[in-house]
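Worksheet: the structure to be examined is printed underneath.
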Amino acid sequence: MKSRLLRMIARERVDRLFEFAMLSARSDLEAAREAVAIARRIAQRARIRIPKRYKLMFCRKCGNLFLGTDSFSVRVRDRRSTHVVVRCLRCGWVRRYPAVKEKQIRSAARGSW
Ligand SMILES: [Zn+2]
């Protein structure tokens, strides 16, 4: 069991790293990606969750930041149940979100990240 203090520090660092990633994404994409990678490593080590607002921001596979229009694509698909497809244009990783009620979307986002 990790101490509460350690987790607090980890959460703060994850927060700051994502802030940095967002700010530097336009000027230095590599630094931004690196920041995301470090933040994920810290979260993993301290066994904390990455805040939901950040989770949707990067590719889970290659760490690419989903900022701007050339880093990812979003499509709404209507086959079977309506869902939103987010695709990373760097590695082709695909994530699907059911487009039903917000509550269900949230639980899907929580799913297997
Ligand atoms: Zn990717």
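When the range 29-69 is filtered for residues that are over 15 Å from Glu19 (Cβ atoms), within 9 Å of the chain's Cα centre (by Cα) and hydrophobic (A, V, I, L, M, F, W, C), the ones remaining, listed by number, are Leu56, Cys59, Phe66. For the range 15-49, taking the residues that are free of Cβ contacts under 8 Å to residues at least 12 places away in the same chain and surrounded by 16 or more Cβ atoms within 10 Å (Cβ to Cβ), the one that is nearest to Asn64 (Cα to Cα) is identified as Glu34. Residues of the range 22-51 that are farther than 19 Å from Arg11 by Cα and away from the ligand (no atom under 16 Å from the Cβ): Ser24, Arg26, Ser27, Asp28, Ala31. When the range 52-63 is filtered for residues that are within 10 Å of the ligand (Cβ to nearest atom) and at pLDDT 85 or above, the ones remaining, listed by number, are Phe58, Cys59, Arg60, Lys61, Cys62.
Selection of first residues in the range 50-75 that are of a type in the set (A, V, I, L, M) and of second residues that are assigned to a loop (DSSP other than H, G, I, E, B) and surrounded by 14 or more Cβ atoms within 10 Å (Cβ to Cβ), restricted to Cβ pairs under 6 Å at least 6 apart or on distinct chains, gives the following pairs, ordered by first then second residue: Met57/Phe66; Leu65/Ala25; Leu67/Ala25.
The values are calculated or read from the model by the stated rules, or taken from the named source; none is laboratory data. The structure presented is a predicted model; accordingly, all values stated were derived computationally and were not measured. Reconstructed Cβ throughout: ideal geometry from the backbone, glycine too, with neighbour counts over all protein chains shown.
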